[in-house]
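Participant: Pasting in a structure now, in structure tokens, and then I'll have a few things to ask.
The values are calculated or read from the model by the stated rules, or taken from the named source; none is laboratory data. As the structure is a prediction and not an experimental result, all values here were calculated from the model. Positions of Cβ are generated from backbone atoms using ideal geometry, with glycine treated the same way; all protein chains shown enter the neighbour counts. Just so you know, the surface numbers come from the protein's heavy atoms only, side chains and all, with ligands and any DNA or RNA stripped out. Shrake-Rupley method; radii C 1.70, N 1.55, O 1.52, S 1.80 Å.
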Amino acid sequence: MNDLKHRELTLPILSVVLGLLCAAVRRWQLATAFEGEAELVKPFAPASMVLLALLILSAAALFLLTRQVRVCKQLRKAPAPALSARGSLPVMLVLVTAAFLSLIAAPLLVRSGLEARAAYEAAKAYYDGSIPPGSNGLLTLISAATALLACPGLLMAAKAAYRDLDRGRMGVLLPVLNCCVWLMDTYRSHAANPIQWSYAPMLLAIICGALFYLDWAGFHAMDAKPRRLLWLAGMTVVLSAAALAGNWRLGDAVLLTSQLLSAMALLWLLPHNLKHPPEPAQPSAPIQENPEVDPNE
């Protein structure tokens, strides 16, 4: 309870509220802004205009709020210690949950990839061997493999933050790899009909998630931008919530939830640590052998 009192909760709460608002408007958009089986866009549909305005407002509000985050002097040149989660069990649990969600997504994506492959082969036979439009399932299977790799990457990053270790911090680059393949797969699955824009929030959420993980990795390298990382984390929450309110495969939904939880963990951890830097870990004292007992005493 004392930990909760000293936390900077404005950013995580605002991100969640904006995410819920965007998700509600997204449901409205899906119900009113597209028509027919082809899901053609209705020009200047009110729901689409409101969603676009709300996303711009969310980006602006989070940008202004992150500009107000205080960074103490000792962290301005080397802010990497601000990602220390030493002793913070809630952050550890959230990151571990995000890692295992990535693991769970792998078999779900394998199933989707095999189904897409079977549909592709059936369509190819129907078109007498010519290549039909749509996904052949290969990128989905590769996305499943990279989601499998993202799990140990997040676990390594969580362990490094919890124990203040240098080794393992760059494990967040593995979720970046997953996001890149996942983005290509999502685009390829819809690129046969470019006029369909109902999947645009999903693309934006994946792109923002990739940038978030990449900036997280850069925090431990030479490109540490605490306020930018906070903004990307907040927008990852907002865009992932909007994408979850739309149409998705189950594997996509699990990966979106994983990156949303990772972003929430940093929104909980980073603002407080930037203002009140954690104490450096104390090296353990060497174990001394028992001194010999003087028999004369």
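Participant: What does the highest-first list of 23-34, 43-54, 90-101 look like by mean Cβ count within 10 Å?
Facilitator: The packing order, highest mean first, is 90-101, 23-34, 43-54.
Participant: Using only Cα atoms, what is the ratio of the radius of gyration of the stretch 222-276 to 2.2 N^0.38 Å?
Facilitator: 1.29
Participant: Whole percent per 10 Å bin, from 0 to the bin with the longest distance: what is P(r) over all C-alpha pairs of the stretch 159-271?
Facilitator: Calculated over all Cα pairs of the stretch 159-271, the distribution is 14, 46, 28, 10, 2 percent.
Participant: Then there is this: Can you sort 126, 162, 120, 187 by 1.4 Å-probe accessible area, starting with the largest?
Facilitator: Largest accessible area first, the list is 126, 187, 162, 120.
Participant: A further question follows. Give the relative contact order (percent, whole number) for the stretch 97-179; include only Cα pairs under 8 Å separated by 6+ residues. Please report the intermediate quantities before stating the final value.
Facilitator: Details: 108 pairs, mean separation 26.7, N = 83.
32 percent.
Participant: Rounded, prolate or oblate: which fits the stretch 7-114, taking a ≥ b ≥ c as square roots of the Cα gyration tensor eigenvalues, rounded meaning a/c under 1.5, else prolate when a/b beats b/c?
Facilitator: oblate
Participant: Rounded, prolate or oblate for the stretch 53-205? Axes are the square roots of the Cα gyration tensor eigenvalues, ordered a ≥ b ≥ c, and the cut-off for rounded is a/c under 1.5. The partial results should precede the final answer.
Facilitator: Working: a/c = 3.46, a/b = 1.78, b/c = 1.94.
Since a/c reaches 1.5 but b/c is at least a/b, the shape of the stretch 53-205 is classed as oblate.
Participant: While we're here: Give me the accessible area per residue for the stretch 68-167, probe 1.4 Å, as a whole number in Å². Write down the numbers at each step before the final one.
Facilitator: Numbers: 5660 Å² over 100 residues.
Result: 57 Å² per residue.
Participant: Taking H placed 1.01 Å from N in the peptide plane, check which residues at least 5 places from residue 85 or on another chain put their amide H under 5 Å from its amide H.
Facilitator: Close amide H contacts, sequence-distant or interchain: 162, 164.
Participant: Still on this structure, I have one more. To the nearest 10 square angstrom, what accessible area does residue 115 show with a 1.4 Å probe?
Facilitator: Counting only protein heavy atoms, the figure is 110 Å².
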